[in-house]
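The structure under discussion appears below in the form of structure tokens.
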Amino acid sequence: MKRLFFFALMLGVAACGDAKGSPTAPSSVQTEGSSTSMTSGATAALTASELDADKVPSHIMHPVLFPMNQGLVVFPPRNEPNVFFQNLQALYRDFLRRPQDAPTYVDSEGQNVWLTEYFRFYLNGCSHEDASSRTLAEITTGSTLATCGSENLAFPPRNLPNDFQNRLQAVYRDVLRRPQTLSYVDSEGANVWLAQYLRFRVSGGCDHATAESKVFTEIRGGGVQPVCMGPPVPNSNVAGRIENLETVADLITYHQDAVAGSAFRIAGIIARWELPIPVYVDASASARNVEQALAYWKSVTGLSYVLSGANTEPRILVRAGTDGLIGTAEGRGGVDGTYPNNRARSGLVVIRPDLVACDFSQTSCAVLYERVLGGAIGLFGQVAGGGIMSGGSRASSREINMLVELYRLPHGTHIEPDGSWRVVR
């Protein structure tokens, strides 16, 4: 017998989560204002959907088969996070000896697919409210929705996907009328470890098996695992071609032909560092902040670095100062000396004295240090599309692609607009 359900979803409704077994290394809790969203206010009426009470819709029965509209930040196919989540259940059961007593209205496949979908919307430019409402609308209508059209490589703090999970539980219970079952993995574990798996996949350069292995090592107490992306290996040839023409254009505009620092290097030829990038931190600056900023760039590009104990070239010098800062500028960074083949020999980072000792846990401080060091390692301008160099909280894919490709090129390389390159010095 068919019944027609017309429903309005209360986005603020509480769900039936549990609070057992907190995973390690949670992200900090924060609040977030909503940007332009599909919803207005605290409630939203989603599209009415005709549900067959005797037959569960296929996208609810087998959500792993639900189509995916990829955004700028590309996610793995749905079956791979699903395999990870199944194996996570087994790890909780067999290694952690967790009882099957975490109540849930969402089956394990639904938990994995819809939480991943929430992360996918969030990392593709949607606010928390947008990501939540779009995912829930897909569930209740069975139709795929587009992402928000930009990228944000920073995963949300743990409280936001937890809020989404509460709403998801409410939809499965009150709208889809799904029965309550018991799981080995509680909602917090699902949130934390699925996000960590996706970090390794989306921004860490890991394949499925490696990402799963790294997460399971962390769960077993092996400590935080490094990403898979190793340092770029310079091409041994004297000529070649870069296939990604967007990256080619960015390398030419924001590095090779950039005006910034052109008095100290040969324009028209790349000016990168030999890896690991040598950095000397003057006593007037924060060595801890510098190292954390360099570690961030390494995590997304693979670029290795070493902190030098002496102020001798080759090196990037980081110090407090105001020289070269115009108006309200907070800092600057660039290459100010090269060898004959235009290989970087000297770099300078200057940070305003009133900001140099800032707290790196504050976003404004982290962005400042990451931005000025980004300028010193090869990003000679505000790369189009947002990102660290434009004041964003995380590097954009264009910035990442640009740096990775730059450090694959041999010293003395000139790049043509068609992507061809050759060593000219």
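The values are calculated or read from the model by the stated rules, or taken from the named source; none is laboratory data. The structure displayed is predicted, hence computed values, not measured ones. With ideal geometry, Cβ positions are generated from the backbone for all residues, glycine too; neighbour counts draw on all protein chains shown.
Of all the numbered requirements in (1) part of a loop (DSSP other than H, G, I, E, B); (2) under 21 Å from the mean Cα position of the chain (by Cα); (3) farther than 16 Å from Gly302 by Cβ, Arg398 misses one, and that requirement is (1). Taking residues in the stretch 392-413 that are under 30 Å from Ser364 (Cα atoms), and partners anywhere that are surrounded by fewer than 20 Cβ atoms within 10 Å (Cβ to Cβ) and acidic (Asp, Glu), the pairs with Cβ atoms closer than 9 Å and at least 6 places apart or on different chains are Arg398/Glu246; Asn401/Glu246.
Leu348 meets each of the listed conditions (1) on the phi < 0 side of the Ramachandran plot; (2) modelled with pLDDT under 95 apart from (2). The condition of being under 18 Å from Gly378 (Cα atoms) and of a type outside the set (Val, Ile, Thr) holds for only one of Arg315, Arg319, that being Arg315.
Checking each residue in the stretch 349-368 for being more than 17 Å from Leu317 (Cβ to Cβ), in a loop (DSSP other than H, G, I, E, B) and in contact with a helix residue (DSSP H, G or I) (Cβ under 9 Å, 6 or more places away or on another chain) picks out Leu355, Ala357, Cys358, Asp359, Phe360. Restricting the stretch 184-212 to residues that are outside any helix (DSSP H, G or I) and touching a residue at least 40 places away in the same chain (Cβ under 8 Å), the residue that is surrounded by the most Cβ atoms within 10 Å (Cβ to Cβ) is Val185. The residue that is farthest from the chain's Cα centre (by Cα), among those in the stretch 401-411 that are surrounded by fewer than 20 Cβ atoms within 10 Å (Cβ to Cβ) and outside any helix (DSSP H, G or I), is Pro410. Taking the criterion of being crowded, with 19+ Cβ neighbours inside 10 Å and in a helix (DSSP H, G or I), the only residue of the stretch 61-79 that qualifies is Pro63.
I'd like the full set of residues that are of a type in the set (A, V, I, L, M, F, W, C), more than 17 Å from the chain's Cα centre (by Cα) and more than 19 Å from Trp193 (Cβ to Cβ), limited to the stretch 204-239.
Val233, Val238, Ala239, listed by residue number.
Any residue in the stretch 266-278 that is farther than 16 Å from Arg408 by Cα, touching an Asp or Glu at 6+ places or on another chain (Cβ under 9 Å) and not in a loop (DSSP other than H, G, I, E, B)? Within the stretch 266-278, one or more residues are farther than 16 Å from Arg408 by Cα, touching an Asp or Glu at 6+ places or on another chain (Cβ under 9 Å) and not in a loop (DSSP other than H, G, I, E, B).
Quick one: in the stretch 153-183, which of the residues that are outside any helix (DSSP H, G or I) and either more than 18 Å from Asp107 (Cβ to Cβ) or basic (Lys, Arg) (or both) is modelled with the lowest pLDDT?
Among those that are outside any helix (DSSP H, G or I) and either more than 18 Å from Asp107 (Cβ to Cβ) or basic (Lys, Arg) (or both), it is Leu153.
Checking every residue in the stretch 308-319 against the condition of being at pLDDT below 95 and within 30 Å of Val73 (Cα to Cα) gives zero matches.
Run down Val227, Val259, Val215, Val233 and say which single residue is of a type in the set (Val, Ile, Thr), farther than 22 Å from Asn341 by Cβ and assigned to a loop (DSSP other than H, G, I, E, B). Of Val227, Val259, Val215, Val233, the one residue that is of a type in the set (Val, Ile, Thr), farther than 22 Å from Asn341 by Cβ and assigned to a loop (DSSP other than H, G, I, E, B) is Val227. Here Gly333 meets the list (1) under 18 Å from Ala293 (Cα atoms); (2) surrounded by fewer than 24 Cβ atoms within 10 Å (Cβ to Cβ); (3) within 25 Å of the chain's Cα centre (by Cα) almost entirely, failing just condition (2). Screening Tyr305 against (1) at pLDDT 95 or above; (2) surrounded by 16 or more Cβ atoms within 10 Å (Cβ to Cβ) leaves a single unmet condition, (1).
Take the conditions modelled with pLDDT of 70 or more and of a type in the set (A, V, I, L, M, F, W, C) and apply them to Leu72. Does it pass? Yes: the conditions hold for Leu72. Does the stretch 202-259 hold any residues that are within 22 Å of Gly387 (Cβ to Cβ) and among the polar types (S, T, N, Q), and which are they? Result: Ser203, Asn244, Thr247, Thr253, Gln256. Count of the stretch 124-161 residues, restricted to those that are among the polar types (S, T, N, Q) and over 19 Å from Ala195 (Cβ atoms), is 6. Evaluation of Asp174 against the conditions (1) farther than 23 Å from Phe75 by Cα; (2) under 23 Å from the mean Cα position of the chain (by Cα); (3) surrounded by fewer than 17 Cβ atoms within 10 Å (Cβ to Cβ) shows that the sole unmet condition is (2). Take the residues in the stretch 129-152 that are polar (S, T, N, Q) and part of a helix (DSSP H, G or I); name whichever of them is surrounded by the most Cβ atoms within 10 Å (Cβ to Cβ). The selected residue is Ser132.
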